[in-house]
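Structure record follows, encoded as structure tokens.
The values are calculated or read from the model by the stated rules, or taken from the named source; none is laboratory data. Predicted, not measured: the structure shown is a model, and the values here were computed from it. Cβ coordinates were reconstructed from backbone atoms using ideal geometry, including for glycine residues, and neighbour counts include every protein chain displayed.
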Amino acid sequence: MRNKVINKVLHFSRPAKRTISVVTDVVLLFVAIWAAFALRFESFSWLPGGDQFWAAGATVFFTVVAFVKLGLYRAVIRYLSEYAFLAILVGVVISSIALIVFGFLFQALVPRSVPVLYGAFAFLLVAGTRFMVRSIIRQPGRSSKEAVLIVGAGPKGMQLASALAQGVEFRPVGFISLVESNHRSLIGNLPVFSIAHIEKAVRKQDASRVLLALEDSAPVNRKQLMQVLEQLSVPVQTVPSMSELVAGQARINDIRDLEIEDLLGRDPVRPDAAAVTESLFGKSVLVTGAGGSIGSELCRQILKHRPKTLVLFEQSEFSLYSIERELKTINQVEGLNVSLHAVLGNVVHRRRCESVMRSFGVQAVYHAAAYKHVPLVEHNVIEGVQNNVFGTWHAAEAAIAAGVERFVLISTDKAVRPTNVMGASKRLAELVLQGLAQHQSKTVFSMVRFGNVLGSSGSVVPLFRDQIRDGGPVTVTHKDIIRYFMTIPEASQLVLQAGSMGKGGEVFVLDMGEPVKIADLARKMIHLMGLEEKTDENPSGDIEIIYSGLRPGEKLFEELLIGDDPQGTEHPRIMMAREVSMPWDELRGLLDKLAEASREFDCGRIVTMLREAPTGYSPNGDVVDLVWCNGSHDQAGLDAGSAKVHHFPGVNQH
């Protein structure tokens, strides 16, 4: 019955609600004046005389006008804020002064204590009734809202609590503070608990989830925090970073699944912003593979350094459209005035690359275009070699011809002692740039090598997340498989840093901390989503982890260096690998033979040449190219001349 009455009142028109508020305030103000006089004269039977009545009436009228001017009647009671509290206080002070003035004008008896008593009564009645009504209106919704604990009692945590309180999904019931002095206190009527008592807080407050709202600059032992959060029986989620909030890319109450990369247990790599800006500001920059996970983040980072021109080179039409639209918005909102150009093209087409570089006067190229999914490249050997090896060669040759100053290759840890075609092709791409660096001096070539990128299109994190949401099982290839991980922004910053540091032919690698066991990562994600692992010891668990076996070309352990004697750089977290290289004449001969094998679709010969080259390639299985295994190698004489007539992309198209 009460809810029906409340809903009926809530559906009144806005003018009707304002009229009710004004009439209620008039009554309450008259009651406050009567109570003040009655208390002063110690008589509850007191009634105003003629002069006192006119003074009281004028005061009430003047007060309502003041409330109107202060915007009190525009405030929606359901979402009443501290501003309304302040407006009532100011209005009541004005009203008390008005009572003194009108008492003097109407020659009414107004003892000195009456305005003070009146102000106190008026504030209690006007403010109290409003906040009581707000509480009554909110009460039915509170029980249906999900109770949440907020980790972080700083500005971001309080802002989140306020935003959630206004929403319809979540109800903040307390804070978890990492600051000792905040424990056992109240913030906005919400209790503050220690991180050591988070499990007790979850039970006591009946919280159904925990939200992370840590300040970006707060010193946090993320590894230790992860261990604590893993023990909880409720899901852990996070809110956007302050940079996303400032840029308008997200709202504070945009709750999302925990970003595991934020809790890897090591500090993110901090680039030398001055050096990067010097290498990019006012320059013309081209990014190949601009629509990919690494390429798109590179574009975002480069845009912040205000180059003169940014060329987005991509073969996927939709990916190019998406990143161009995003960058145009950032460019306009932040007033960067960067000239953006979206160009469709494939890096294996040398003439297309050169014409684009010449047309826009490109001075720096960041080569992110590559096929990097290990099993797919194993099943499509020729396309992998074409894109990764010849695409790099042709883009590099085009850069030399177009007078590009710097060319940076995005490589991978799988290029170190590779067991798959993808890794071998990326190592051969590195050899190509090393050879070109020795062969000429017009363009500075450098390579950046890093591990798995969390959140990229090929990352295990989104895969695991989808599998957990679908109820499992989570598939891991091997219980002992380990990988190095880094974030997309870290990878992009490292690439930009290396681009500013390169002198010619260097292979830069990142000190990525300790490698992560993939099975442990899967368990962390299960626990942080509020679920339990299903095992023989815990058959009632929610999600099972199954081991599917190593995929073609996959190995248990990845490495970042070939040699054991890395050389330091001016950046404390970036090292330079001492890698073997090939003289350009020998390398050119190998590339020509590889191109010939590609034209003849001879996967077996390609794999043999990759093994014989100084790539360290040691396959852990047979050739599994899908077309090759289904019989096309029986037609190796499929008219190689015909392939030449059609200008197979493996040919260096000068």
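Here are a few things to note about the model shown:
- Looking only at the stretch 141-186, residues that are assigned to a strand (DSSP E or B) and at pLDDT 80 or above come to 14 in all.
- Listed by position, the helices (runs of 4 or more DSSP H) contained in the stretch 318-422 that have at least 1 residues being touching a strand residue (DSSP E or B) at 6+ places or on another chain (Cβ under 8 Å) are 350-359, 391-401.
- Number of positions in the stretch 518-573 that are of a type in the set (S, T, N, Q) and either under 24 Å from VAL236 (Cβ atoms) or at pLDDT 80 or above (or both): 4
- Flag if ALA98 is at pLDDT 80 or above, within 30 Å of ALA56 (Cβ to Cβ) and not in a helix (DSSP H, G or I): no
- Residue ID - farthest from HIS367 (Cα to Cα), chosen from residues in the stretch 399-451 that are in contact with a Lys or Arg (Cβ under 8 Å, 6 or more places away or on another chain) and among the hydroxyl-bearing types (Ser, Thr, Tyr): THR419
- Close pairs from the stretch 400-427: first crowded, with 24+ Cβ neighbours inside 10 Å and among the hydrophobic types (A, V, I, L, M, F, W, C), partner part of a strand (DSSP E or B) and modelled with pLDDT of 90 or more, Cβ under 6 Å, at least 6 apart: VAL404/VAL365; PHE407/VAL365; PHE407/PHE445; VAL408/TYR366; LEU409/HIS367
- Residues that are part of a loop (DSSP other than H, G, I, E, B) and under 15 Å from ALA108 (Cβ atoms), drawn from the stretch 36-68: TRP46, LEU47, PRO48, GLY49
- Of note, VAL311 satisfies the criterion of being closer than 21 Å to THR443 by Cβ and of a type in the set (A, V, I, L, M).
- Of all residues in the stretch 109-130, those satisfying the criterion of being crowded, with 19+ Cβ neighbours inside 10 Å, without any contact (Cβ under 8 Å) to a residue 60 or more places away in the chain and more than 15 Å from ALA66 (Cβ to Cβ) are VAL110, ARG130.
- LEU125 vs. criteria under 30 Å from LEU99 (Cβ atoms) and either modelled with pLDDT of 75 or more or out of contact with any Lys or Arg (no Cβ under 7 Å at 6 or more places or on another chain) (or both): yes
- Answer residue from the stretch 22-49, given it is at pLDDT 80 or above and not aliphatic (A, V, I, L, M) and is farthest from GLY128 (Cα to Cα) among those: PHE41
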